[in-house]
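Data first, discussion second: the structure below is written as structure tokens.
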Amino acid sequence: MADLLIVDDELSMREFLHVFFTKDGHVVRTAASVPQAQKFCLESTPDLVLTDLRLPEQSGMDLLRWLRQECPDTQIIMMTAFASTETAIEAMRLGAYDYQIKPFKVEELRVVTEKALEKLTLIKTNKNLTEQLQGQFSLSKLKSKSAKMAEIIDLIERIAPTQVNVLIEGESGTGKELVARTIHEHSKQSDSPFIALNCAALPEHLIESELFGHEAGSFTGATGAKQGLFEAAHGGTLLLDEIGEMPLNIQAKLLRVLQEKKIRRIGEQVEKDVDVRIVAATNKQLKNLVSENLFREDLYYRLNVVKIQLPPLRERPEDIPLLAEIFLDRYSKQMQCEGKTFSPQALAVLMEYDFPGNVRELQNCIERSIALSTTDELTLKELPEEISRNDNDSTNRLLVLHSENFSLENRLNELEKYFISQAIERSGGVKTRAAKLLGITFRTLRYRLQKLDLE
């Protein structure tokens with residue numbers, strides 16, 4: 001069902017179309033002039049306007065121009081008994097969906113109307129997807145309590161509006177693609193395409209065609225011309241994931257594109273201009289690959305205009321509760337089981353686990369736990385075995401003096417969190433009993449819960 005507006009100075013035509021479209025289940029309003037139609041549109045934006053070309057005082061073309069300004073998504077079908085090629089072309093140029101000649105066949109008008117409404121549905125869907133993407137990749141989504149991540153978020157905010165190439169390094173699962181998409185969504189080209197290519201996922205002979213495209217017959221199997229990703233991403237951002245896996249001969253061709261801002265399809269002689277921002281990502285240290293002659297030094301410096309080094313999750317354990325809560329909220333909503341919480345012991349064990357798969361592993365862990373849970377509280381039994389068995393040696397792990405990135409203050413806080421969580425678990429959540437188990441006053445326990453963000 002759609003909201004239709006019929007604009008025609010002939011009463012018989014208005015009545016006929018009102019009955020015709022009402023039978024199809026649409027809500028139909030009618031107007032005899034442009035001012036009356038404008039009044040209706042301002043009160044409630046119609047999905048589709050069918051307007052006669054010749055109207056008193058102002059014409060259907062005047063209404064078309066006004067609608068394109070005030071109701072840009074509304075679809076418009078022009079109707080006239082005085083057809084001319086010039087007016088038809090002008091109407092289509094101004095944004096009309098179709099141009100119908102009176103007397104028209106009602107079935108043809110029905111088909112055109114349905115197609116116009118389908119186009120409107122696509123427009124609305126695309127807008128919703130764009131809004132969701134902008135929300136998903138907003139800087140506010142990169143939540144962190146880590147000082148390292150705070151610096152990275154600040155760096156993203158500063159470089160996103162520029163056109164500089166960015167190199168993102170970090171272990172698998174640290175969120176390299178999320179950072180790349182966030183950079184794109186906060187750039188001046190956010191309305192243009194964001195395209196990602198995993199360089200490790202394609203065999204060497206296909207990467208060149210994927211990046212630069214090819215002409216028909218340029219190699220065996222090239223039955224038709226194909227646009228490359230550089231052309232597809234023109235005006236936007238191209239993410240080259242796992243850039244360290246790119247073959248040396250393709251690296252040389254990529255370097256030329258970055259220098260010349262031009263590409264040439266395989267089998268084609270003519271070069272095409274391209275304007276693409278490159279974001280490269282890798283789970284390796286590209287500088288080490290350069291020293292091993294596995295990566296071109298000149299390309300490395302072209303890509304490494306700004307480097308973002310994402311820390312593994314084990315180096316920012318203070319973010320684990322925050323991320324766990326975000327994933328808990330996300331997947332609880334998806335599975336329609338909102339209101340779930342973590343038991344203190346489960347949260348303590350999550351904080352002590354190394355997460356070799358980083359944020360991705362934590363995300364999968366929370367999704368799995370919610371799917372398996374039968375109560376409102378996620379406990380150790382819902383956690384994967386490799387994480388839950390970590391509870392047996394948590395205290396030993398807390399007492400290890402690491403040679404790098406060790407902070408006595410952070411480790412003491414972790415110990416305090418661990419024992420407080422244990423006490424609350426054993427006391428069934430009764431804080432007065434937990435304080436007694438810990439040998440401290442209730443007031444001291446309440447203060448430490450607030451200090452350690454365990455409330």
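FYI, it's all coordinate maths here, none of it is from the lab. All values derive from a computational prediction rather than experimental measurement. Glycine gets a Cβ as well: all are built from the backbone with ideal geometry, and neighbour counts include every protein chain shown.
Out of Val305, Gln36, Ala96, whose Cα points farthest toward the positive end of the dipole of the chain (charges: +1 Lys, Arg; -1 Asp, Glu; placed on Cβ)?
Value computed over the given set: Val305.
Applying the Karplus parametrisation 6.51 cos²θ - 1.76 cosθ + 1.60 with θ = phi - 60° to the phi angles of the range 110-119, what ³J(HN,Hα) value in whole Hz is obtained for each residue in order, glycine and proline being reported as x?
Here the 3J(HN,Hα) series is 4, 4, 4, 4, 4, 5, 5, 5, 5, 4 Hz.
Quote to one decimal, in nm, the extra length available between Ser407 and Asp3 on full extension: 0.36 nm per residue of separation minus the C-alpha distance between them. Present the calculation step by step, with values, prior to reporting the outcome.
Details: separation 404, 0.36 × 404 = 145.44 nm, distance 6.37 nm.
Extra length available between Ser407 and Asp3 comes to 139.1 nm.
Just add up the charged neighbours of Ile370: K/R +1, D/E -1, any other residue whose Cβ is under 15 Å from the Cβ of Ile370.
Around Ile370, the surrounding residues sum to -2.
Does the chain come out rounded, prolate or oblate, given a ≥ b ≥ c as the square roots of the eigenvalues of its C-alpha gyration tensor, rounded meaning a/c under 1.5 and, failing that, prolate meaning a/b above b/c?
oblate
Quick query: amide H of Leu55 versus all other amide H atoms, modeled in the peptide plane; which residues come in under 5 Å with a sequence gap of 5 or more or a different chain?
Amide H to amide H, under 5 Å and 5 or more residues apart or across chains, Leu55 pairs with Gly60.
Quick one: dipole size for the range 315-451, taken about the Cα centre, charges +1 on Lys/Arg Cβ and -1 on Asp/Glu Cβ, in debye to the nearest 20.
In debye, rounded to 20, the range 315-451 gives about 760.
Using amide H atoms built in the peptide plane, which far-off residues or other-chain residues are under 5 Å from Gly236 H to H?
Under 5 Å from the amide H of Gly236 lie the amide H atoms of Arg277, each far enough along the sequence or on another chain.
Ordered by residue, what ³J(HN,Hα) values in Hz, to whole numbers, does the range 439-449 give under the Karplus form 6.51 cos²θ - 1.76 cosθ + 1.60, where θ = phi - 60° and Gly and Pro are x?
So the J values, rounded to whole Hz, are x, 10, 7, 4, 5, 5, 4, 4, 4, 5, 4.
Can you put Asp8, Asp329 in order of Cβ neighbours within 10 angstrom, beginning with the fewest?
Least crowded to most crowded, the residues run Asp329, Asp8.
What is the local net charge at Val7, summed over the other residues whose Cβ is closer than 9 Å to its Cβ (Lys, Arg +1; Asp, Glu -1)?
-2
Amide H of Thr341: which non-local residues (sequence gap of 5 or more, or other chain) have their own amide H closer than 5 Å, using H built in the peptide plane?
Under 5 Å from the amide H of Thr341: Glu377, Leu378.
About its Cα centre, what dipole magnitude does the range 3-132 give when the only charges are +1 on Lys and Arg Cβ and -1 on Asp and Glu Cβ, stated in debye to the nearest 20?
160
From the phi of every residue in the range 339-348, what ³J(HN,Hα) in whole Hz does the Karplus formula 6.51 cos²θ - 1.76 cosθ + 1.60 yield, where θ is phi - 60° and glycine or proline is x?
These are the phi-based 3J(HN,Hα) values: x, 7, 9, 8, 6, x, 5, 5, 5, 5 Hz.
Name the shape class, rounded, prolate or oblate, that the alpha-carbon gyration tensor gives for the range 157-305, where a ≥ b ≥ c are the square roots of its eigenvalues, rounded holds for a/c under 1.5, and otherwise prolate holds if a/b is larger than b/c and oblate otherwise.
Oblate, since a/c reaches 1.5 and b/c is not below a/b.
According to the square roots a ≥ b ≥ c of the eigenvalues of the Cα gyration tensor, what is the shape class of the range 3-132, taking rounded for a/c under 1.5, prolate for a/b larger than b/c otherwise, and oblate for the remainder?
Note, shape of the range 3-132 comes out rounded.
Label 7 Å along Cα→Cβ of Lys284; the range 192-206 residues with amide nitrogen under 11 Å?
From the range 192-206, the list is 200.
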